[in-house]
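So the structure is just underneath, and the comments pick up after that.
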Amino acid sequence: MTLGEIPGQAVATGLLIRALAAGRLPHALLFQGAEGTGKADAALALAAAIQCEAGGPDACGACGPCLKVRKNLHPDVLRVTRLPKRETAAPAGEPEEDEAEEDADGKDLRRVITVDQIREMAEHASFAPREGRARVFVIDPADRMNVAAQNALLKTLEEPPGGATIVLVSSRPHALLPTVRSRCLAVRFRTMTSSDLASLLVARGMGPEEARERAALAEGRPRIALALDRDAQDARRARREEILLAIEAAASGRPEDLARLPSLAASCAGESEESFLEALDLAGALLRDASRLAVGSPVSALVHADLAGRIGALGERLGRSRAADLVRCVERMRDDLGLNLSRSLLAEALLASVAGAPLPF
Ligand SMILES: [Zn+2]
């Protein structure tokens, strides 16, 4: 995939292509945005554009270096990621804080990217490129670097040797040290509106009805929309219903509903950080839709257009300024997850604000 082919990210990829054309690509970049918006694909496409022999600013997608990058065989493009747990011992001095986690392929992965991996990367960066024009390092997910690893990265980020380019990929940039973030150019990857994403899916051969439903359930994230199977769609629909019902109960102001807020909050927050992030993303998207309808935006501008009736009623009840305040509150809550506050308490505080209590953030 070339930069120009990343769906729905014309702003982000346009910025990169113009920087490449002008020979002014920064040496340290942070690709940030929700899971499934195409950040990792874009990092690989940028690596291909840097190595491509065809001479354009964007990769041609067909020359030898482009194909090598795509097949993960280019010796000057290195991806630094969480290692499989069983193949690596815990490095000395680093506690096994980490329970193994399963990734999509079911492999046990170490929880963190370690300082040794970053030191090894810095050493690679100090060598001249083997066959390409410059070395490219993609750290993904960058927010899984522990503090020692992030500190070890600082010097390399400041002056990457030999014109190397370092791309940090993260859907949780709040977990990066401010000193790391400030050394990178942030490139933001956005979710698409559902109608844009649905059009994209239809252009790829999907029926219009399925395309609309998938686009809403994937919240404008192309990669997720393409990967949703029937079970995953049902699960996401059920989760969305759970979150919307909790918000509706809080907004209703009925005493019997308000009494249920603690238990609704606990169940919305879920058992893991991932499930809490999912709940926050859903709550944010639903409240953003409510605030859009409250200011008179058309239904086609919504992420969850299929729920326009209920979301419109919610927007009316909350009013435009409160809905907008709540959206900002959810975003700040997402950014401050690193604080280790109790997730169900945070969820309860959020629902209480929907019910009219002062905003917790
Ligand atoms: Zn090429």
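The values are calculated or read from the model by the stated rules, or taken from the named source; none is laboratory data. Note that this is a predicted model, so its numbers are computed, not measured. Cβ placement follows ideal geometry from the backbone for every residue including glycine, while neighbour counts extend to all protein chains displayed.
Specify which of the listed residues (Arg292, Arg240, Arg223, Arg288) is in a helix (DSSP H, G or I), more than 22 Å from Leu318 (Cβ to Cβ) and not hydrophobic (A, V, I, L, M, F, W, C).
The unique qualifying residue is Arg223.
Please go through segment 118-139 and pick out each residue that is part of a helix (DSSP H, G or I), farther than 11 Å from Pro75 by Cα and in contact with a Lys or Arg (Cβ under 8 Å, 6 or more places away or on another chain).
Residues satisfying the conditions are Ala122, Ala125.
From the list Ser199, Ser195, pick out the single residue that is among the hydroxyl-bearing types (Ser, Thr, Tyr), at pLDDT 90 or above and within 30 Å of His304 (Cα to Cα). Spell out the reasoning first.
Details: Ser195 fails: at pLDDT 90 or above.
Unique residue meeting the criteria: Ser199.
Any residue at all in segment 192-204 that is touching a Ser or Thr at 6+ places or on another chain (Cβ under 9 Å), without any contact (Cβ under 8 Å) to a residue 60 or more places away in the chain and assigned to a helix (DSSP H, G or I)?
Looking only at segment 192-204, we keep the residues that are touching a Ser or Thr at 6+ places or on another chain (Cβ under 9 Å), and these are 192-195, 197.
Restricting the remaining residues to those that are without any contact (Cβ under 8 Å) to a residue 60 or more places away in the chain gives none.
Checking segment 192-204: not a single residue is touching a Ser or Thr at 6+ places or on another chain (Cβ under 9 Å), without any contact (Cβ under 8 Å) to a residue 60 or more places away in the chain and assigned to a helix (DSSP H, G or I).
Right, Leu226: of a type outside the set (D, E, K, R), in contact (Cβ under 8 Å) with a residue 12 or more places away in the chain and within 17 Å of Ala357 (Cα to Cα) or not? Break it down stepwise before answering.
Numbers: of a type outside the set (D, E, K, R): yes; in contact (Cβ under 8 Å) with a residue 12 or more places away in the chain: yes; within 17 Å of Ala357 (Cα to Cα): no.
Considered against the rule, which asks whether it is of a type outside the set (D, E, K, R), in contact (Cβ under 8 Å) with a residue 12 or more places away in the chain and within 17 Å of Ala357 (Cα to Cα), Leu226 comes out as no.
Among the residues of segment 36-80, which ones are more than 11 Å from the ligand (Cβ to nearest atom), within 14 Å of Val136 (Cα to Cα) and β-branched (Val, Ile, Thr)?
Val77, Val80
Return the only residue of Leu20, Leu16 being farther than 29 Å from Ala215 by Cα and within 16 Å of the ligand (Cβ to nearest atom). Break it down into steps so the answer makes sense when it comes.
Values: Leu16 fails: farther than 29 Å from Ala215 by Cα.
From the options Leu20, Leu16, the qualifying one is Leu20.
Would you call Ala323 more than 30 Å from Glu209 (Cβ to Cβ) and either modelled with pLDDT of 85 or more or in a loop (DSSP other than H, G, I, E, B) (or both)?
Numbers: more than 30 Å from Glu209 (Cβ to Cβ): no; either modelled with pLDDT of 85 or more or in a loop (DSSP other than H, G, I, E, B) (or both): yes.
No.
With respect to Gly220, is the statement that it is outside the structural domain of Ala313 (by TED's automatic domain parsing) and either of a type outside the set (Val, Ile, Thr) or touching a residue at least 24 places away in the same chain (Cβ under 8 Å) (or both) true? Can you show your working first?
Working: outside the structural domain of Ala313 (by TED's automatic domain parsing): yes; either of a type outside the set (Val, Ile, Thr) or touching a residue at least 24 places away in the same chain (Cβ under 8 Å) (or both): yes.
Yes, satisfied.
Find the helices (runs of 4 or more DSSP H) located wholly in segment 1-73 whose residues include 3 or more that are without any contact (Cβ under 8 Å) to a residue 24 or more places away in the chain and surrounded by fewer than 22 Cβ atoms within 10 Å (Cβ to Cβ), and list them.
On the way: elements: 10-21, 39-51, 64-70.
Counting at least 3 such residues, we get 10-21, 64-70.
Scan segment 79-91 and tell me whether some residue there is at pLDDT 95 or above and in contact with a helix residue (DSSP H, G or I) (Cβ under 7 Å, 6 or more places away or on another chain).
Yes, some residue in segment 79-91 is at pLDDT 95 or above and in contact with a helix residue (DSSP H, G or I) (Cβ under 7 Å, 6 or more places away or on another chain).
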